[in-house]
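All of the numbers you see were taken from the coordinates with simple rules; none came from a lab. Worth saying up front: this structure is predicted, and the values here are computed from it rather than measured. So basically every Cβ, Gly included, is an ideal-geometry build from the backbone, and we count neighbours across all protein chains shown.
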């Protein structure tokens, strides 16, 4: 991964005087857990937005916070917000910094509110099938605790090892098994938050009568509140799993197969359809060793491979239009399905899905493709690191569309993005009414300036193409800074309602300013 050591000390601006003047009050609010140390400020200056990685490679940094605080109770969060309101200082709620849209960038400086001290996990309420979890708990920690007791949350984002429950709620997260278990908003029964007014609030447990505040807060990305804990729905750990792979003659036929699966009431836990180029180079993985984390790579992998990749990119990724035209030589698309739960039911659903796929002319590949994907399902993060190290830019764009618009969205985004980057796509997170399209972009340029300009052009063009074809601007990565303008445009007149909610819940505008376009 691009290293902070690339950044010269002089690149870090000094803390703002308003924050330094309020040092004693902030420190008192959190029992002394307050820092203006340069290393702390630098560490919290970015999340995993690839633009930030490009900047650090260039020796620049995103705008850093002026200070960091570590509250451990709702009262401490409320006290910090009270100081921030009185001094008109921005607050940036922070989970673990795994977001990819600039959602934790300190656009106006201010104080980063790190919530990882909220790390409690209750025992599972077996009767109600629920668990109360602190906002700072890492996803992998939670899932391992649940598994050891015979339960699962069913929520498996690729960032599960480095993302928190509070971050999931703030960004409206989805996991790889969302087709069966839903997104995080489908799993949360109630939440404890501190609003931008400093008011502590616990939302009523769902379901209940009357207006539901919880959907307003989930996905608000720290602009309305800070999450401190949540009651989440859990499920018995699945007794059986069935994997299957198929290949179709085209993307359109594969998409039709998925639509029919859901129309018939089938609910696979995993649905992944790779477009032709993704099928040829990514989707044909075989069972084997999982990817090696960067810290454990040999000198060859750390140094020689990235150097070779840098030479390749100058001749290939710098001409994305030519590379993307090569995709016309491929047509077949691979579909991976996984059913889980009661063994007999999983087998029955798999048989029904197989019948649908065969009726559409699919080649039956058996269980190996599904098992291969399952074994390496978190590897994408390591691959992204290698691409950044190689001197390219790389990013992903996840959007969603209803079934009648999915293929057109795919075609338009692919055409628009192909001017600026090499484009791959797979379709996942499928539901009865539509699915997510997960694009991967890899590009290069003559120098760092050209590369950054191309990156911005790519995003503007690709998002505009998605919305014009009937898609949305995000399925589960959130909005942050990256997609804020596009989201405001997509809301239309609804943006005034969002602004009205912001004015009520955060009247002084101190909560994560600039995110969601607020």
Highest average packing first - 459-466, 483-490, 209-216, Cβ atoms within 10 Å: 459-466, 483-490, 209-216
Per-residue Cβ neighbour rank within 10 angstrom, fewest leading, 220, 35: 35, 220
Extended-chain gain in nm, criterion 0.36 nm per residue less alpha-carbon gap, residue 38 and residue 129: 28.3 nm
For the chain: relative contact order, % (alpha-carbon pairs under 8 angstrom, 6 or more apart): 17
Residue 140 versus residue 25: modelled label distance in nm, points set 7 Å from Cα along the beta carbon direction: 4.0
Approximate shape of segment 19-112 as ellipsoid semi-axes (Cα gyration tensor, √5λ), whole Å, largest first: 25, 13, 11
Potential lengthening between residue 377 and residue 404 on full extension [0.36 nm per residue; Cα-Cα distance subtracted]: 6.9 nm
Distance (nanometres) between label positions extended 7 Å along Cα→Cβ at residue 450 and residue 249: 4.3
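What order do you get for 133, 242 when you list them from fewest to most C-beta neighbours inside 10 Å? Show your work: numbers first, answer last.
Details: 133 28, 242 22.
The most exposed by this proxy come first: 242, 133.
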Burial ordering of 104, 279, 36, fewest other beta-carbon atoms within 10 Å first: 36, 279, 104
Computed P(r) (all Cα pairs; segment 357-450; 5 Å bins; percent): 2, 11, 16, 17, 19, 18, 10, 5, 2, 1, 0
Separation between Cα centres of segment 493-516 and segment 110-141, rounded to whole Å: 26
Stretch gain in nm, segment residue 260-residue 235, where the contour uses 0.36 nm per residue and the Cα spacing is subtracted: 6.4 nm
Computed E for residue 208/residue 149 - FRET, C-beta separation, R0 30 angstrom, nearest 0.05: 0.60
Relative frequency of Cα-Cα separations exceeding 24 Å in segment 130-236, percent: 17
Most to least packed among 58-65, 268-275, 395-402 [average Cβ atoms within 10 Å]: 268-275, 395-402, 58-65
Förster radius 22 Å - calculated FRET efficiency between residue 216 and residue 496 (Cβ-Cβ, nearest 0.05): 0.90
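Dividing the alpha-carbon Rg of the chain by 2.2 N^0.38 Å yields what?
0.97
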R0 of 35 Å, Cβ-Cβ distance residue 351-residue 281: FRET efficiency to nearest 0.05: 0.70
